[in-house]
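For reference, the structure is listed below as structure tokens.
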Amino acid sequence: LLSAHAFNHPGIPLTTNDLAYVKARLNVQPWKSGWDALQADGQSSTNYVMQGPFGLVSRTPNLNQYPWRNDMSAVYKLALRWYYTGDTNYAIKATAIFDAWATTMTNYGGSEAYLDIGDYAQQMFGGAEILRSTYSGWTALNTQHATNYFYRAIKPAIYNIPSPVRGANQGMAMIKSGMGLAIFCDDTNYWNQCLFAWRNDVGGLADTAPLGIIGDSGRDQGHTRGQF
């Protein structure tokens with residue numbers, strides 16, 4: 001079976017080819033509509049006001065979730081505007097926001113942290129990937145801050161990789177986040193663990209009781225059916 005040996009950056013969720021493809025079509029529909037929407041989005045503006053950082057973010061119980069979500073979304077959108085326009089003001093803003101969180105946040109707590117991390121994996125890892133790969137003002141120290149942050153605050157909240165992961169969308173959120181972390185951090189071993197989980201336990205079915213009871217059994221019919 002194939003496994004990872006090296007990573008190209010940016011690698012999640014967009015590659016250099018993806019970015020270049022869209023950049024060449026910003027004035028052509030349907031890409032123009034998306035570009036117009038991005039430019040009108042307040043989170044992609046250099047006037048965006050950072051809402052964090054905080055040392056602790058938590059889901060269930062909820063604490064500082066929306067500042068983290070909004071700031072990670074802003075980093076991604078600002079990074080995209082930097083790439084598509086070449087205006088370094090967007091990259092400077094995005095780098096400052098991300099680095100502030102990376103050097104402040106020490107813990108993603110709560111019993112459902114992995115869901116928030118999975119929902120915003122593309123923004124969190126994607127923005128940092130674009131900046132790291134395309135912006136000369138992003139330094140080796142920024143990369144070290146990001147790597148430390150991902151291992152310190154994010155990876156412990158994903159847990160249970162390679163297996164068993166949690167059921168259905170919860171397990172997929174964990175695998176998705178783990179893959180994003182592995183790509184940014186050039187962590188071949190962790191990538192292969194995530195790949196193993198995806199191939200062998202994608203919906204948490206490895207954690208099935210002898211009578212066929214799965215993680216979402218007894219929750220409701222929709223979730224139970226969805227896991228299968």
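Given the alpha-carbon gyration tensor of the stretch 169-228, what are the semi-axes of its equivalent ellipsoid in whole angstrom, ordered largest first, with each equal to the square root of 5 times an eigenvalue?
Each semi-axis is the square root of five times an eigenvalue, giving 27, 12, 6 Å.
Quickly work out the residue 43-to-residue 112 label distance, labels modelled 7 Å from Cα along the C-beta direction, and quote it in nm with one decimal. The modelled label-to-label distance comes out at 1.9 nm. Between residue 21 and residue 163, the modelled label-to-label distance comes to 3.2 nm, taking each label 7 Å out from Cα in the direction of the beta carbon. Note that the chain presents 47 Å² accessible area per residue, ligands and nucleic acids not counted, probe 1.4 Å.
Near the amide H of residue 107, within less than 5 Å, lie the amide hydrogens of 57, all on another chain or at least 5 residues away, with H placed in the peptide plane. A Cβ-based charge dipole, computed about the Cα centre of the stretch 1-144 with Lys and Arg at +1 and Asp and Glu at -1, lands at about 260 debye.
Kirkwood Rh, the chain, all Cα pairs: how many Å?
18.5
Across the alpha-carbon atoms of the stretch 1-113, the computed radius of gyration and Dmax are 16.4, 48 angstrom.
Here the stretch 1-71 is treated with +1 on each Lys and Arg Cβ and -1 on each Asp and Glu Cβ, and its dipole about the Cα centre works out to around 80 debye.
Placing unit charges on the Cβ atoms of the charged side chains and taking the dipole of the chain about its Cα centre, the candidate lying farthest along the positive direction among 43, 206, 178 is 43.
Here the Debye sum runs over all C-alpha atoms of the stretch 96-150 as equal scatterers in vacuum, and log10 of I(q)/I(0) at q = 0.17 Å⁻¹ comes out as -0.56. As a rough guide to protection, the peptides 93-106, 37-50 ranked by mean Cβ packing within 10 Å, highest first, stand as 93-106, 37-50. Coupling constants for the stretch 186-200 follow from the phi torsions by the Karplus curve (6.51 cos²θ - 1.76 cosθ + 1.60, θ = phi - 60°), and in residue order they are 6, 9, 4, 4, 5, 4, 5, 5, 5, 5, 4, 5, 5, 6, 10 Hz; glycine and proline get x.
Over the stretch 89-195, the ratio between the Cα radius of gyration and 2.2 N^0.38 Å evaluates to 1.05. Rounded to the nearest 20, the Cβ-based charge dipole of the stretch 60-201 about its Cα centre (Lys and Arg +1, Asp and Glu -1) stands at 60 debye.
The values are calculated or read from the model by the stated rules, or taken from the named source; none is laboratory data. The structure presented is a predicted model; accordingly, all values stated were derived computationally and were not measured. Glycine gets a Cβ as well: all are built from the backbone with ideal geometry, and neighbour counts include every protein chain shown. Remember, those area values only see protein heavy atoms, side chains included, never the ligands or the DNA or RNA. Shrake-Rupley method; radii C 1.70, N 1.55, O 1.52, S 1.80 Å.
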